[in-house]
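Trainee: Have a look at this one before I ask anything.
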């Protein structure tokens, strides 16, 4: 598959390390995220999955290493990156509507305290339609179900019209319909040549929706296609003991 040169750039992480005071959260992480792929980041609780994403985006400081996109520091390309944090990090009591949240994805392009253009409004409407939430446009965000809230934040990222998408645990507390909608959009974004990175914890059947996997436990255990990563030895190193995961050959380990 051939992509537009403007988005045919990988993200490269080189020797990234993160410490919280005296606790080492990540050490010497080197990997890349390719366009046209839905990449899942997996590992046990406390493995550093969310820390990896936040450190890559400069949301928390790294004590070592570099992150580049298109051969330049990723900080120079933040306008091209959409990030959706875990739902638990969002204040759902804040008095905003679905439309308000979606249009937050247009602020960087429009500027603070400026009226949204017709182009931005069309982008917001298209994003809501894509996640099947148009009828909730004027609903306060706090009155939605968990799955609906997640779809609204996905719509915000779509309205941003980014080239790189990071999602932190987007499937926690969502219904099956929402999960199907989200994965469908992820795959369409990848087909458009976007970079899609998803932090996830579920080693069940949904794992087949990922083109590539990254397995972490404070250090990089394995990265690549599912069959390469989901080896007993890798899972033992990541999780310890015996772990259950979905096998495409209908065998569970």
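Trainee: Checking the conditions here, which among 145, 157 is in contact with a strand residue (DSSP E or B) (Cβ under 7 Å, 6 or more places away or on another chain) and within 18 Å of residue 87 (Cβ to Cβ)? Spell out the reasoning first.
Mentor: On the way: 145 fails: in contact with a strand residue (DSSP E or B) (Cβ under 7 Å, 6 or more places away or on another chain).
Among 145, 157, only 157 is in contact with a strand residue (DSSP E or B) (Cβ under 7 Å, 6 or more places away or on another chain) and within 18 Å of residue 87 (Cβ to Cβ).
Trainee: Moving to a separate point now. Being closer than 18 Å to residue 172 by Cα and either in a strand (DSSP E or B) or within 13 Å of the chain's Cα centre (by Cα) (or both) is the filter here, so list the residues in region 191-213 that pass it.
Mentor: Start the filter on region 191-213 by keeping residues that are closer than 18 Å to residue 172 by Cα, which leaves 196-210.
Within region 191-213, 196, 197, 198, 199, 200, 201, 210 qualify.
Trainee: Residues being under 12 Å from the mean Cα position of the chain (by Cα) and either buried (at least 18 other Cβ atoms within 10 Å of the Cβ) or closer than 24 Å to residue 229 by Cα (or both): count how many of those fall in region 57-80. If you could, list the steps in order and put the result at the bottom.
Mentor: Kept after step one, since they are under 12 Å from the mean Cα position of the chain (by Cα), are these residues of region 57-80: 57.
Next, only the ones that are either buried (at least 18 other Cβ atoms within 10 Å of the Cβ) or closer than 24 Å to residue 229 by Cα (or both) stay: none.
The qualifying residues number 0.
Trainee: Something else now. Given the conditions (1) within 23 Å of residue 116 (Cα to Cα); (2) surrounded by 23 or more Cβ atoms within 10 Å (Cβ to Cβ), report the number of the one that residue 150 does not fulfil.
Mentor: Checking residue 150 against (1) within 23 Å of residue 116 (Cα to Cα); (2) surrounded by 23 or more Cβ atoms within 10 Å (Cβ to Cβ), the one that fails is (1).
Trainee: Could you tell me whether region 225-236 includes any residue that is in a helix (DSSP H, G or I), touching a residue at least 12 places away in the same chain (Cβ under 8 Å) and within 14 Å of the chain's Cα centre (by Cα)?
Mentor: no
Trainee: If the Cβ limit is 9 Å and pairs must be 6+ apart or interchain, which residue in region 208-220 that is on the phi > 0 side of the Ramachandran plot and in contact (Cβ under 8 Å) with a residue 60 or more places away in the chain pairs with which residue that is crowded, with 20+ Cβ neighbours inside 10 Å and in a loop (DSSP other than H, G, I, E, B)?
Mentor: Cβ pairs passing all conditions: 218/43; 218/47; 218/48.
Trainee: Please go through region 110-135 and pick out each residue that is over 24 Å from the mean Cα position of the chain (by Cα) and within 22 Å of residue 170 (Cα to Cα).
Mentor: Residue satisfying the conditions is 135 alone.
Trainee: Conditions: (1) modelled with pLDDT under 95; (2) more than 14 Å from the chain's Cα centre (by Cα); (3) more than 23 Å from residue 106 (Cβ to Cβ). Residue 161 meets all but one. Number of the miss?
Mentor: Every listed condition holds for residue 161 apart from (3).
Trainee: Shifting gears a bit: Kindly provide the set of residues from region 101-121 that are surrounded by 14 or more Cβ atoms within 10 Å (Cβ to Cβ), more than 25 Å from residue 196 (Cβ to Cβ) and at pLDDT below 90, ordered by number.
Mentor: The answer is 116, and nothing else.
Trainee: Shifting gears a bit: Test residue 36 against the criterion of being surrounded by fewer than 20 Cβ atoms within 10 Å (Cβ to Cβ) and touching a helix residue (DSSP H, G or I) at 6+ places or on another chain (Cβ under 6 Å), and give yes or no.
Mentor: yes
Trainee: Let me ask something additional. Does region 87-100 hold any residues that are closer than 21 Å to residue 130 by Cα and either surrounded by fewer than 20 Cβ atoms within 10 Å (Cβ to Cβ) or free of Cβ contacts under 8 Å to residues at least 40 places away in the same chain (or both), and which are they?
Mentor: Within region 87-100, the subset closer than 21 Å to residue 130 by Cα is 87, 96-100.
Hits for region 87-100 are 87, 96, 97, 99, 100.
Trainee: May I pose another question? For region 26-144, give me every one of the helices (runs of 4 or more DSSP H) that falls completely inside it and has 3 or more residues that are more than 17 Å from residue 164 (Cα to Cα).
Mentor: Details: elements: 49-56, 98-103, 107-110, 118-130.
Qualifying helices (runs of 4 or more DSSP H): 98-103, 118-130.
Trainee: Would you be able to say whether some residue in region 122-133 is touching a strand residue (DSSP E or B) at 6+ places or on another chain (Cβ under 7 Å) and at pLDDT below 95? Talk me through it step by step, then tell me what you get.
Mentor: As a first pass, look at region 122-133 and keep what is touching a strand residue (DSSP E or B) at 6+ places or on another chain (Cβ under 7 Å): none.
No - not one qualifying residue is present in region 122-133.
Trainee: Determine whether residue 17 is assigned to a loop (DSSP other than H, G, I, E, B) and out of contact with any helix residue (DSSP H, G or I) (no Cβ under 8 Å at 6 or more places or on another chain). Walk me through it before giving the result.
Mentor: Numbers: assigned to a loop (DSSP other than H, G, I, E, B): no; out of contact with any helix residue (DSSP H, G or I) (no Cβ under 8 Å at 6 or more places or on another chain): yes.
So residue 17 does not fit the description; no.
The values are calculated or read from the model by the stated rules, or taken from the named source; none is laboratory data. What you are looking at is a predicted structure, and each value in this text was computed from that prediction instead of being measured. Backbone-built Cβ (ideal geometry, glycine too); neighbour counts: all protein chains shown.
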